[in-house]
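The values are calculated or read from the model by the stated rules, or taken from the named source; none is laboratory data. Keep in mind that what you see is a predicted model, and the values were worked out from it rather than measured. Here the Cβ positions follow ideal geometry from the backbone for every residue, glycine too, while neighbour counts run over all protein chains shown. Note: accessible area is taken over every heavy atom of the protein model, side chains too, but ligands, DNA and RNA are not part of it. Shrake-Rupley method; radii C 1.70, N 1.55, O 1.52, S 1.80 Å.
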Amino acid sequence: MTWTFTDDVDVFLAAAGPSLAARPVEHTVALTVTERLRRSGAHHYGAGDPVLGWWRGAGGTVAGTLVRAPPHVALLTAVPAEAVGPLVAALRAGPDLDGVNADRDTAALLAAGLPGYRTVQEQRLYRLGSLRPPSPAPDGRARAATRADRSLLVAWVNGLADATGQSKSSAAWLVDEGTERGALTLWESGGVPVSLAGRTRMLAGTVRITLVYTPPEFRGRGYAAAATAEASRAALEAGAAEVLLFTDLANPTSNGVYLRIGYEPVADRVQMGKVA
């Protein structure tokens, strides 16, 4: 029973890829991150080398993974309790991590073994049940973003990063790649874009709704619900078996919106950061 680490995404996927794909709802972010590293190279997200690890249990099968693509924090999938102690020992010896995102139970075990970390954010994973678009719908209509929207959307994605404390390093790439795939949905009112909802590439039958953003001057009118519902509909139409999204539990407005349009809670996660 041991942890193995590498910075080579192909080596990681050869060992842990089947384990991730077997539970794609739980592993949605890890699947997305490793697919982008595979497609675009180890430094797709930033200059630092990725940290990719997997735990093999007594039977020799992979039963947990850790994925870090700097500048983002490490993402830890659910692991058996007996894997946490060896992980703590490995992290103390290096690689140095400035943050970890884990399920609530694992986060508590990690916090006990890694003093100096504190909770930064609590998140909830939702999956779509029966889609219920807002009724009545807000004024306006949905359309796919085009290259002509690029400067506006990059500014919006940077605004979302500011609001959530995330890195801005991928903003332009997210806009360009999402536009090329037709995966960025704009809600327009009076011909003016007022809200955005994107969707990830489909992996193992799952799509995740991302980049949901409404500028402050347009909030409170139902535009985000309408854009998210339309992006969710498009994911289903493209063949997704599961449509997912994450929310910040400290934002009751967004959580309420997603519940109203048909999303159902799956699991909670905790992001911990190292205290300076």
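A few remarks follow.
- Residue ranges of strands (runs of 3 or more DSSP E) in the stretch 76-169 with at least 1 members within 18 Å of Ser254 (Cβ to Cβ) and in contact with a helix residue (DSSP H, G or I) (Cβ under 7 Å, 6 or more places away or on another chain): 117-128
- For the stretch 232-261, the set of residues classified as among the hydrophobic types (A, V, I, L, M, F, W, C), over 13 Å from Pro134 (Cβ atoms) and not in a loop (DSSP other than H, G, I, E, B) consists of Ala234, Ala235, Leu236, Val243, Leu244, Leu245, Phe246, listed by residue number.
- Residue that is most open to solvent (accessible area, probe 1.4 Å) [pool: residues in the stretch 217-231 that are part of a loop (DSSP other than H, G, I, E, B) and not charged (D, E, K, R)]: Gly220
- The residues on offer are Thr200, Thr206, Thr210, Thr179, and the sole one that is open to solvent by less than 40 Å² (accessible area, probe 1.4 Å), touching a Ser or Thr at 6+ places or on another chain (Cβ under 8 Å), without any contact (Cβ under 8 Å) to a residue 40 or more places away in the chain and closer than 30 Å to Leu91 by Cβ is Thr210.
- Residues of the stretch 19-70 that turn out to be in a helix (DSSP H, G or I), among the polar types (S, T, N, Q) and within 17 Å of the chain's Cα centre (by Cα), as a count: 3
- All conditions but one from (1) in contact with a Lys or Arg (Cβ under 9 Å, 6 or more places away or on another chain); (2) open to solvent by 30 Å² or more (accessible area, probe 1.4 Å); (3) free of Cβ contacts under 8 Å to residues at least 24 places away in the same chain apply to Arg92; the one that does not is (1).
- Those residues of the stretch 96-116 which are open to solvent by less than 40 Å² (accessible area, probe 1.4 Å), of a type outside the set (A, V, I, L, M, F, W, C) and closer than 20 Å to Val29 by Cβ, in sequence order: Gly99, Asn101, Asp103, Thr106
- Unique residue being under 22 Å from Pro252 (Cβ atoms) and hydrophobic (A, V, I, L, M, F, W, C) when the list is Ala234, Ala226: Ala226
- Selection status of Thr164, loosely packed, with under 14 Cβ neighbours inside 10 Å and in contact (Cβ under 8 Å) with a residue 60 or more places away in the chain: yes
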